[in-house]
Amino acid sequence: MTATASTSPATPATDHDEHRFLYWLIGIVVVVLAIIGLITYSGKKQSADASAKATQLTQAFQQAGLPVPADQDIITRSLGNDGGAVCDNPASALGRATLFDQLYNGAATVGRRPVIADTNVLKGELLILDTYCPEKVQQYRDKTQDVKTDDTIGN
C-alpha cells in the first residue's frame, strides 16, 4: 500500500478576509479626503473690508482714548466684516442681562457684589456697534441709558 500524503481541505474564508479589500479602500479614501480637507481649508479668510473696518475701529478707539490691541489682526479675526457676536443682537433681553451681570458684580461666584462699571466698557462696545452695525446703535443706547457708570478703572 502506498500512502499518499493527506491534504488538508482548504479553510473557508472568513468575512474579515473577504472584506479586507473593502476595509483598505475605505481607509485610503478617508486619508485622501483628510489630506484634501487640510490642503483646501484656509480658515476664515480676512477680507479687505474686514481689515478696513478694523482700522476704522482702531482709530475710533484711539480718538476715544481707549486701549487698542497691539496686533490689528486680533480685531480683524474677532469681528470680521460684520461685527461678529457683538452685532448679532446687542440689545436683546438676554444680551442686556448678560451685560449687566458682567458689569455689576465683582466676583465670579461666591462673594458677588454690586460694582459700578467703567464708562469705557460701554463706550468701547458702542464704538464697535457704530463701526460694524450702525443700525443697532440707537437700540443699544436705549437699553443701556440707565446704566450707572464712572471712571473706575483709570488710565
Top-ranked residue of region 32-50 - restricted to ones that are at pLDDT 80 or above and open to solvent by 80 Å² or more (accessible area, probe 1.4 Å), ranked as nearest to Asn81 (Cα to Cα): Ala48
Among residues of region 138-154, those that are open to solvent by 80 Å² or more (accessible area, probe 1.4 Å), at pLDDT 75 or above and under 13 Å from Asn120 (Cβ atoms), counted: 2
Scope region 65-81; condition under 15 Å from the mean Cα position of the chain (by Cα) and open to solvent by less than 40 Å² (accessible area, probe 1.4 Å); matching residues: Ile75, Thr76, Leu79, Gly80
The listed residue being over 30 Å from Gly80 (Cβ atoms), open to solvent by less than 80 Å² (accessible area, probe 1.4 Å), at pLDDT below 85 and of a type in the set (A, V, I, L, M), out of Ala5, Ala13: Ala13
Given (1) at pLDDT below 90; (2) loosely packed, with under 15 Cβ neighbours inside 10 Å, index of the condition Gln62 fails: (1)
Residue among Asp101, Asp71 that is of a type in the set (D, E, K, R) and either more than 22 Å from Thr144 (Cβ to Cβ) or modelled with pLDDT of 90 or more (or both): Asp71
Residue within region 21-30 that is surrounded by 12 or more Cβ atoms within 10 Å (Cβ to Cβ), at pLDDT 85 or above and over 25 Å from the mean Cα position of the chain (by Cα) present: no
Yes/no for Gly124 being modelled with pLDDT of 75 or more and in contact with a Ser or Thr (Cβ under 8 Å, 6 or more places away or on another chain): no
Test: Arg96 is surrounded by 15 or more Cβ atoms within 10 Å (Cβ to Cβ) and either basic (Lys, Arg) or over 26 Å from the mean Cα position of the chain (by Cα) (or both): yes
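The values are calculated or read from the model by the stated rules, or taken from the named source; none is laboratory data. Note that this is a predicted model, so its numbers are computed, not measured. In this analysis, Cβ positions are derived from the backbone assuming ideal geometry, glycine residues included, and neighbour counts consider all displayed protein chains. SASA here: full protein model, heavy atoms, side chains in, ligands and nucleic acids out. Shrake-Rupley method; radii C 1.70, N 1.55, O 1.52, S 1.80 Å.
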